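> Pasting a structure below so you can have a look.
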Amino acid sequence: MKDKFYNYIQELQDTITTKLEAIDGDAKFKQDIWKRPEGGGGRTRVIENGAVFEKGGVNISGVHGKLPESMQKYFGVEDANFFACGLSLVLHPKNPMVPTVHANWRYFEMYDTDGNIVDQWFGGGQDLTPYYLFNEDATHFHNVCKTACDKHNLEFYAKYKARCDEYFWNAHRNEARGVGGLFFDYCKATDAMSMQDWYNFVTEVGNSFLDCYVPIVEKRKELPYTKEERDWQEIRRGRYVEFNLVHDKGTLFGLKTNGRIESILMSLPPHVQWVYDHTPEEGSEEEKLLQVLKTPKEWVLV
């Protein structure tokens, strides 16, 4: 399973980066092959200063070795070894009318001292973070997510949409990071779902990503914007940074397992503002976004 999924994310990385380069029309992804001293490595691809994407990364990794002590305590195990692989992407467009997007699809195995698999699971998801809210964009994103889920279980969309709203919640700000999407973790074999079934589901979601995001980018990338709207984008990016450094499990796992710091922090945007006690005007487009972020919304009928 680990070889099968690692091969899948390698191919998916190629598919996504090729499409994004075509959309940008200017910048190309730079590739960086790296190795982890304790075992494994990855292939980082970053795009910067493009016509559409100010900064973005589409990264894959496959790491293995002894589970760090901090993670052994977290999982309640001793002397365990692990293998983890996944694809993580974050795209920060230049135009504030185009939303930031994040996605991640991953697989994890844990072994006893004899090398036997003692636990294994899939995780992942995809979510949208707009700076100016176009309801039809959020609806489109969620519709594609729901279509992917419905092919495997009619209960998955509502379940994993709710988990996404819960997970991407900036508790210290009492607001959502964005308008959500899907989030699932610890997807293990059950009587109803084998590991192959979970593989089929996760890859379905992974394959849906471009359909989720590309139509939104194409629709919004040429819209005009002002300096004030760009300032708002950078202020909201600050909230994105706060979530990733304070709450995000993937970031924390990477730091605790001696992951490659450049790849872990690839998600951080290049231009950000923190303005003291910034409050948008009542009735403004900026305030309308904040109202939605205060209470997660149902974007499609379930």
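> Tell me the helices (runs of 4 or more DSSP H) entirely within segment 246-302 that contain at least 3 residues that are surrounded by fewer than 16 Cβ atoms within 10 Å (Cβ to Cβ). Break it down stepwise before answering.
Values: elements: 249-256, 261-264, 285-294.
In segment 246-302, the matching helices (runs of 4 or more DSSP H) lie at 249-256, 285-294.
> Of all residues in segment 37-57, how many are among the polar types (S, T, N, Q) and open to solvent by less than 30 Å² (accessible area, probe 1.4 Å)?
Total meeting the criteria: 1.
> So which residues in segment 167-199 are outside any loop (DSSP other than H, G, I, E, B), in contact with a Phe, Trp or Tyr (Cβ under 8 Å, 6 or more places away or on another chain) and open to solvent by 50 Å² or more (accessible area, probe 1.4 Å)?
Scanning segment 167-199 gives a single hit, Tyr186.
> Do we find that Ile117 is open to solvent by 60 Å² or more (accessible area, probe 1.4 Å) and over 21 Å from Ile9 (Cα atoms) in this structure?
yes
> For segment 127-151, what are the residues that are open to solvent by less than 20 Å² (accessible area, probe 1.4 Å) and either part of a helix (DSSP H, G or I) or on the phi > 0 side of the Ramachandran plot (or both)?
Asp137, Ala138, Phe141, His142, Cys145, Ala148, Cys149
> Name every residue in segment 1-28 that is part of a loop (DSSP other than H, G, I, E, B) and either open to solvent by 30 Å² or more (accessible area, probe 1.4 Å) or without any contact (Cβ under 8 Å) to a residue 12 or more places away in the chain (or both), in order of residue number.
Correct list: Met1, Gly25, Asp26, Lys28.
> For segment 70-121, enumerate the residues that are among the polar types (S, T, N, Q), over 30 Å from Glu286 (Cα atoms) and either in contact (Cβ under 8 Å) with a residue 12 or more places away in the chain or part of a strand (DSSP E or B) (or both).
Ser70, Asn81, Thr113, Gln120 - these are the residues of segment 70-121 that are among the polar types (S, T, N, Q), over 30 Å from Glu286 (Cα atoms) and either in contact (Cβ under 8 Å) with a residue 12 or more places away in the chain or part of a strand (DSSP E or B) (or both).
The values are calculated or read from the model by the stated rules, or taken from the named source; none is laboratory data. All of these numbers come straight from a predicted model, not from anything done at the bench. Cβ: placed from backbone, ideal geometry, glycine included. Neighbour counts: every protein chain shown. Surface areas here come from the heavy atoms of the whole protein model, side chains and all, with no ligands, DNA or RNA. Shrake-Rupley method; radii C 1.70, N 1.55, O 1.52, S 1.80 Å.
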